[in-house]
Each structure stands twice: as structure tokens, then as C-alpha cells.
Amino acid sequence: MEVTGLSAPTVTVFISSSLNSFRSEKRYSRSLTIAEFKCKLELVVGSPASCMELELYGADDKFYSKLDQEDALLGSYPVDDGCRIHVIDHSGARLGEYEDVSKVEKYQISQEAYDQRQDSVRSFLKRSKLGRYNEEERAQQEAEATQRLNEEKTQASAISVGSRCEVRAPGQPPRRGTVMYVGLTDFKRGYWIGVRYDEPLGKNDGSVNGKRYFECQAKYGAFVKPSVVTVGDFPEEDYGLDEM
């Protein structure tokens, strides 16, 4: 194949390698020599430049030529957008060797040693009294959480299992049902009211994360906060969902 010069300053190609199973799409300057190009490929495929053999394939994956002239410009070869340059490694490394991160030695430090460092994020947070190291803010947050929990407990104590109710959650239409559960749960902090709706307007069957709190059909159960539940004489309404 005739080697010709191309005027476009850069070219976008796919890089593949005998060392891994994936391809990378990269843009390079056509003014790079093949020797310089190999050095840039070291960061892409992990193979030393001195151990590389380069092959050029067209966009249709047809073999064009080898890029074997170290002092030749990349643009002097018929490299165009969409072409693939395959790197054959001769260093002796095995396929996938640079993909298995479990083999990479990792730096580890004990909690005690990390606490002694003055240039760590933890040290900065402590000095600045930010986040969990701001004792005053944490105390205030805990007090507010305790207050909310006590308010929910008071609201929940006025709701009895078996009571008819109406749920008015923000942004949702009123829904009627029967109170089936009142109390704390494992799935989230605070007091919750388990409701069996009259129609399939819920999210569960009375169980969450594998734990059952009450019995009902699928999509008839829901857990809501006591503040959105009103108990009283709420007869069942026919929403006409069975006819849909």
C-alpha cells in the first residue's frame, strides 16, 4: 500500500493490545514520530515502548501495514479516523496481567498511624472542627433527632392498629385504608405506621427487606409517618381500579 501524507493535524484511532481484551479510543497528533507514539502508548497498554510492535488496521479491521519505522511520522502512514492500531507486546507479559488489580501491591496504614499524620483529611477536619468532629453541631443534631423521635412517638401513640384512616402525603392524593402496624422498624429510624390501603396504591405486601410487619396483598401495603395519618370514620371508597 502506498504511504501518503495527510493534512489533518490529529487523528482519532482505537488502540488494542495483546496484553488486554479491551480497546481504547484516543486522539493523537500526526506529527508524532513512531518512537514518540510508542512512548505515549505505554500509558495506554502497559507495555514498554522498546517491546512494542505496531500494526495498523483500517476501520473495517483490514490489515494495512506495520508501523515499523521509528523515525517516521505517524501521519506518513495511511492512518485515518476510525483505524485501529494493535500493539503486540514482546516483553513476556501475559494476557490480562495488567487488568487484575488484585495483584497490585496496595499501600496500607493503620488507624493509629493515620491519626498521627498532620497532612490527612481527618487531621484537617479535627483542626477545623468540621463534620463529626464538630461536637457542638453533633450535639445539636442529636438533640433535634431525639426531639423528632419523641414527637413521632406521641403522634403514633394516638393511632391504634385496626383503625380506619386516611393518608395525606405531600404531593399525593388522599388514600384510605386500615392501620395494620404502629411502631419502630428495622428498615429506617423513627416511628412508622403500616397501612393496608383499600386499593392497590401501596408499595409492598406488609414486608420490607424480608421482614414482615403485617399481612396484605402485594401493592396494598405502605409505611408512612404518623404526621400524615388521620384516623376516623373513613368508609372504603371505590377507585374503580379493578376495572382498569
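Principal axis lengths of the chain from Cα atoms, whole Å, largest first?
Taking the Cα atoms of the chain, the three principal extents are 90, 62, 34 Å.
Check cross-link reach from K38 to the lysines: straight Cα distance under 29 Å, and skip same-chain residues fewer than eight apart.
Hits, sequence-local ones excluded: K26, K62, K66, K103, K106.
Can you work out the Karplus-derived ³J(HN,Hα) for every residue in the range 10-19? Use 6.51 cos²θ - 1.76 cosθ + 1.60 with θ = phi - 60°, whole Hz, and x for glycine or proline.
10, 9, 9, 10, 9, 10, 10, 8, 6, 9
What is the set of long-range amide H partners of S163 at a cut-off below 5 Å, with H atoms built 1.01 Å from backbone N?
V179
Of I159, I88, Y107, which is farthest towards the positive pole of the chain's charge dipole, taken about the Cα centre with +1 and -1 on the beta-carbons of Lys, Arg and Asp, Glu respectively?
I159
Can you list residues whose amide H is under 5 Å from K219's amide H, if they're 5+ apart or on another chain and H is modeled 1.01 Å from N?
Hits under the 5 Å cutoff: N204, D205.
If you place +1 on the Cβ of every Lys and Arg, -1 on the Cβ of every Asp and Glu, and leave all else neutral, what size is the dipole of the chain about its Cα centre, to the nearest 20 Debye? Before the final figure, lay out the partial values.
Working: 33 positive and 40 negative charges, 193 e Å.
Approximately 920 debye in magnitude.
Would you please give the residues with an amide H less than 5 Å from that of C83, counting only those at least 5 places away or on a separate chain, with H modeled from the backbone geometry?
Residues meeting the criterion, in which the H sits 1.01 Å from N, are F14.
Starting from the range 25-100, pick out the trypsin sites (Lys or Arg not before Pro) whose DSSP state is loop and whose Cβ has at most 13 other Cβ atoms within 10 Å.
K62, R94
I need the calculated FRET efficiency for the pair K188 and R27, taking r as the beta carbon distance and R₀ as 45 Å, to the nearest 0.05. Can you show the working numbers first?
Numbers: r = 48 Å, r/R0 = 1.08.
My answer for the efficiency is 0.40.
Starting from the Cα-Cα distance between R132 and N150, subtract it from 0.36 nm times their residue separation and give me the gain in nm to one decimal.
Values: separation 18, 0.36 × 18 = 6.48 nm, distance 2.34 nm.
Working it through step by step, the gained length comes to 4.1 nm.
Ordered by residue, what ³J(HN,Hα) values in Hz, to whole numbers, does the range 210-218 give under the Karplus form 6.51 cos²θ - 1.76 cosθ + 1.60, where θ = phi - 60° and Gly and Pro are x?
x, 9, 9, 10, 7, 9, 6, 6, 4
How much mean residue ellipticity at 222 nm does the chain get from its helices, if each DSSP H run of length 4 or more adds -39500 (n - 2.57) and you divide by all residues, to the nearest 500 deg cm²/dmol?
That comes out to -6500 deg cm²/dmol.
Multiply the residue separation of S157 and A143 by 0.36 nm, subtract the distance between their alpha-carbon atoms, and state the gained length in nm to one decimal. Don't skip to the end; give the middle numbers.
Working: separation 14, 0.36 × 14 = 5.04 nm, distance 2.11 nm.
Result for the pair: 2.9 nm of gain on full extension.
Starting from the Cα of K225, step 7 Å along the direction of its Cβ; do the same at Q69; then give the gap between the two resulting points in nm.
The answer from the label model is 7.4 nm.
Under 24 Å Cα-Cα from K153, which lysines qualify once same-chain neighbours fewer than 8 residues away are excluded?
Output for K153: K188, K203, K211, K225.
Which three numbers, in whole Å and largest first, are the semi-axes of the equivalent ellipsoid of the range 164-237 derived from its Cα gyration tensor as √(5λ)? Before the final figure, lay out the partial values.
Values: eigenvalues 67, 39, 23 Å².
Listed largest to smallest, the semi-axes of the range 164-237 are 18, 14, 11 Å.
In debye, nearest 20: dipole of the range 139-244 around its Cα centre with unit charges on the Cβ of K, R (+) and D, E (-)?
Details: 14 positive and 16 negative charges, 95 e Å.
With Lys and Arg at +1 and Asp and Glu at -1, about 460 debye.
Normalise the Cα radius of gyration of the range 10-89 by 2.2 N^0.38 Å (N = residues in it) and let me know the number.
Numbers: Rg = 11.0 Å, N = 80, 2.2 N^0.38 = 11.6 Å.
That ratio works out to 0.95.
Readers should treat all values here as calculations from the given coordinates under stated rules, not as data from a laboratory. Quantities reported herein were computed from a predicted structural model and do not represent experimental measurements. In this analysis, Cβ positions are derived from the backbone assuming ideal geometry, glycine residues included, and neighbour counts consider all displayed protein chains.
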